[in-house]
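Since the structure comes first, as structure tokens, the remarks are kept for the end.
The values are calculated or read from the model by the stated rules, or taken from the named source; none is laboratory data. Being a predicted model, the structure only gives us computed values, none of them experimental. For neighbour counting, all protein chains shown are included, and Cβ atoms are generated from backbone atoms with ideal geometry for every residue, glycine included.
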């Protein structure tokens, strides 16, 4: 019975492990009872009673631990998620992007798109921040439909999409302005009369040189500002060539 109590107190064993150990103890005791003159009837009775009690306690403990583990997973996911749009946030960006880069095969490319809502400050100033939040949610929905491997709200009105591409997919996102023209979110303080976005895309192929998240981000940011400076509501892409070591 002391052994049963000790087994129950071992924290790294769940109910299945402990039930197996208790079964082994019971089989050994029954063997002693059957094949030796030693009578342990009362020992078996108290042992079974203790196993039932301890098993119930362990069952409740396992439920509690599983609930706690799920709560910790949910909390960790929320820490990496933007509350307004439900997208991943900036906190989780670098880890997820680095993981994608590590998965690249020699024949594949990786594309990082930085997307900025045009004239968003004017929208907030004139329509109010609640309406601005609704626009951010709508933009997030459109970007979520772009078949990216990662969709991030990077901050404010900026979003990042990352995707591993095959050679026949290098025009990915070039039809994004059309997607926003179809959505027709009114914005009378924009020269386009509706919500539009400017997009900069950095595309890299690793080959023998490994591109970094920072290099992709810097290149996409440059391309996005080029899109802004050449009229907005457009996509500009450029290749990333990692520096020689």
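Of the residues 116, 149, which is at negative phi, in contact (Cβ under 8 Å) with a residue 40 or more places away in the chain and crowded, with 17+ Cβ neighbours inside 10 Å?
116
Wholly within region 22-139, which helices (runs of 4 or more DSSP H) include no fewer than the required count, namely at least 1 residues that are modelled with pLDDT of 75 or more and touching a strand residue (DSSP E or B) at 6+ places or on another chain (Cβ under 6 Å)?
90-102
Can you pull out the residues in region 162-187 that are buried (at least 17 other Cβ atoms within 10 Å of the Cβ), in a helix (DSSP H, G or I) and out of contact with any helix residue (DSSP H, G or I) (no Cβ under 8 Å at 6 or more places or on another chain)?
176, 177
Which residues, counting only those in region 202-221, are within 30 Å of residue 127 (Cα to Cα) and either buried (at least 19 other Cβ atoms within 10 Å of the Cβ) or touching a helix residue (DSSP H, G or I) at 6+ places or on another chain (Cβ under 8 Å) (or both)?
220
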